[in-house]
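Here's the structure we're looking at; comments come further down.
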Amino acid sequence: MVWGSRALDWDDFEIDWKIADSNMHVASTTSRQVAQFGEFFLDFRTMELCRDERPIDLTLQEFKVLKFLVSRPKVAVSRQKLVGSVWPKRKRASYRTVDNCISKLRQKIENNPDCPVLIRTVHGVGYKFVPQEVLRPWRGSSSDGVGQA
């Protein structure tokens with residue numbers, strides 16, 4: 001994106017939006033941008049991913065791929081788009097490199113990497129990030145079997 005005579009990055013803008021249909025919230029102050037999805041917090045500025053306040057180690061490439069996908073919830077992203085957007089031009093990756101990076105990410109963030117729910121495969125295209133809402137326990141209260149949430 002170009003503004004005036006200088007190229008801008010999305011990080012030049014403060015982001016403060018709720019993606020109503022995606023169960024994800026991205027909040028920003030002047031110093032932090034944090035995406036929350038389920039029990040995860042992804043801090044764009046510090047490049048940290050935490051699950052239930054426990055840090056998860058990510059490589060730089062894993063962070064870039066996750067940030068790219070998280071920034072586009074429920075949108076199918078092709079392997080070609082990931083290669084062109086996330087890997088440096090002088091070190092272009094193959095589609096297999098993308099698949100390996102996604103596989104490593106799934107090992108780190110999915111409860112069952114063999115049946116992923118956060119980073120899903122879109123066959124013939126690539127991948128999409130599908131944020132999960134935090135499920136709250138249902139609380140039953142009355143003796144007639146009808147409960148309250």
**Message:** Is it the case, given these coordinates, that R90 is at pLDDT below 90, farther than 22 Å from L49 by Cβ and part of a helix (DSSP H, G or I)?
**Reply:** yes
**Request:** Being surrounded by fewer than 16 Cβ atoms within 10 Å (Cβ to Cβ) and touching a residue at least 40 places away in the same chain (Cβ under 8 Å) is the filter here, so list the residues in segment 33-55 that pass it.
**Result:** E39, R51
**Asked** Going through segment 53-85 one residue at a time, which ones are under 22 Å from H123 (Cβ atoms) and in a strand (DSSP E or B)?
**Response** V77, S78
**Prompt:** Which of the residues belonging to segment 102-134 are in contact with a Pro (Cβ under 6 Å, 6 or more places away or on another chain) and in a helix (DSSP H, G or I)?
**Reply:** R106, Q107
**Message:** Looking at segment 101-125, I want the residues that are without any contact (Cβ under 8 Å) to a residue 24 or more places away in the chain and more than 21 Å from Q61 (Cα to Cα) and have a partner that is of a type in the set (D, E) and in a helix (DSSP H, G or I) with Cβ atoms under 9 Å, at least 6 apart or on another chain. Which pairs are those?
**Reply:** none
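Quick check: is even one residue across segment 32-44 at pLDDT below 85 and charged (D, E, K, R)? Give the steps one after another, and end with the answer.
The first filter runs over segment 32-44 and keeps only residues at pLDDT below 85, leaving 32.
When the remaining residues are screened for being charged (D, E, K, R), the result is 32.
Scanning segment 32-44 turns up at least one residue that is at pLDDT below 85 and charged (D, E, K, R).
The values are calculated or read from the model by the stated rules, or taken from the named source; none is laboratory data. None of these values were measured; they are calculated from a predicted model. Virtual Cβ from ideal backbone geometry, glycine too; neighbours counted across all protein chains shown.
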